[in-house]
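Chemist: Before anything else, here's the structure in question.
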Amino acid sequence: MHTSKPRNRPKNAHGLTERRELFCRNYVRTWNSRDASAVAGLTHGTGRMLLAEEKIQARIRELNEAMLKASDITAQRVMLELARVAFGDVRGIVDESGRLKPIRELDDDTAATIAGVEVETRYERDGTETDLATGEEKPRFVAVQTAKVKRYDKNPALSILARHFKIVDNEGDGLNALANVLADRLQEARRRTAALPPPETPDHEARRTIDVQSRTRE
């Protein structure tokens, strides 16, 4: 009785068959095992099992590192961009007189916090002018431009940085946990301050309280 032997499929330099290599390449593009399995002609169950194999994991890491390098994406650059968003100061978008700076004059840290700029043009009446053809007075209109600057939300960047530097753990909502940790630290600082003797203030020195209200349109 003739028994057929399992066919040895050719493997590449990474020890993977053509289908497995195709699975890995598509997985690093979508990070979706179902889609990667479909492209490679495999069932979703097979694709999920492949992700547990050391050779597959090593190849995926290698392909991902190559993609990041080709895109000039490094861990240091990602952390820098997150920090720029998390700690960006809105005052960087205006000059000393409070006027919005041209985009080309923004420094790198400030520019990284801006998601987009929308410019609206409207026409407003500005007195009258004489029509040269008829000699009659007619309304004069001038163009007025308004720039709306949309900045990235700080909270997601703060949450990622907080988890990375172990300020909070990965359980639950990282942002809420961060808020709780910061609140606890602030409360502790207040308790320490309350335990100190109050500073002496000369009787002749007047105390002023200035309430500053600021509103930032995101």
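Chemist: So how much slack lies between ALA66 and PHE141, counting 0.36 nm per residue of separation and subtracting their Cα-Cα distance, in nm?
Modeler: 21.3 nm
Chemist: Among the lysines, which have Cα under 18 Å from the Cα of LYS101 when same-chain residues fewer than 8 positions away are ignored?
Modeler: Partners within reach: LYS148, LYS150.
Chemist: How compact and how long is the stretch 18-70, expressed as Rg and Dmax of its alpha-carbon atoms in Å?
Modeler: Rg and Dmax of the stretch 18-70, Cα atoms, are 10.1, 31 Å.
Chemist: List the residues whose amide H sits under 5 Å from the amide H of LYS101, counting only those 5 or more places along or on another chain, with H placed 1.01 Å from N in the peptide plane.
Modeler: VAL94, ASP95
Chemist: What does the charge count around GLU129 come to, taking other residues whose C-beta lies under 13 Å from its C-beta (Lys +1, Arg +1, Asp -1, Glu -1)?
Modeler: -1
Chemist: Let me ask something else about it. Using the Kirkwood radius over Cα pairs, work out the Stokes-Einstein diffusion coefficient for the stretch 58-160 at 4 °C and 1.567 mPa s, in µm²/s as a whole number. Each step should come with its number before you reach the end.
Modeler: Numbers: Rh = 17.9 Å.
Value of D from the Cα-based Kirkwood radius: 72 µm²/s.
Chemist: Same structure, new question: Enumerate the calculated ³J(HN,Hα) couplings along the stretch 38-53 in order (Karplus 6.51 cos²θ - 1.76 cosθ + 1.60, θ = phi - 60°), each rounded to whole Hz, writing x wherever the residue is Gly or Pro.
Modeler: Rounded to whole hertz, the list is 4, 5, 7, x, 10, 6, 5, x, 5, x, 5, 5, 4, 5, 8, 7.
Chemist: Can you tell me the FRET efficiency between ARG34 and MET79 if r is taken as the Cβ-Cβ distance and R0 is 41 Å, rounded to the nearest 0.05?
Modeler: Details: r = 31 Å, r/R0 = 0.76.
Computed FRET efficiency for ARG34 and MET79: 0.85.
Chemist: Please compute the modelled spin-label separation between LYS11 and LEU106, points set 7 Å along Cα→Cβ, answer in nm with one decimal.
Modeler: 5.2 nm
Chemist: Let me ask something additional. Just want to confirm a number: the relative contact order over the stretch 31-178, from Cα pairs under 8 angstrom separated by 6+ residues, in percent.
Modeler: Relative contact order of the stretch 31-178: 17 percent.
Chemist: While we're here: Give me the number: length gained by fully extending GLU118 to THR130, i.e. 0.36 nm times residue separation minus the C-alpha to C-alpha distance, one decimal in nm. Let's see the in-between values first.
Modeler: On the way: separation 12, 0.36 × 12 = 4.32 nm, distance 3.43 nm.
Stretched fully, the GLU118-THR130 segment lengthens by 0.9 nm.
Chemist: Taking H as built 1.01 Å from N, whose amide H comes closer than 5 Å to the amide H of ARG151, not counting residues under 5 places away?
Modeler: Residues meeting the amide H criterion: ALA115.
Chemist: What do you get for Rg/Rh over the stretch 110-149 if you use C-alpha atoms and the Kirkwood form of Rh?
Modeler: 1.35
Taken together, the values in this text are just the output of simple stated rules run on the coordinates, not laboratory data. Please read these numbers as outputs of a predicted model, since none were measured by experiment. Positions of Cβ are generated from backbone atoms using ideal geometry, with glycine treated the same way; all protein chains shown enter the neighbour counts.
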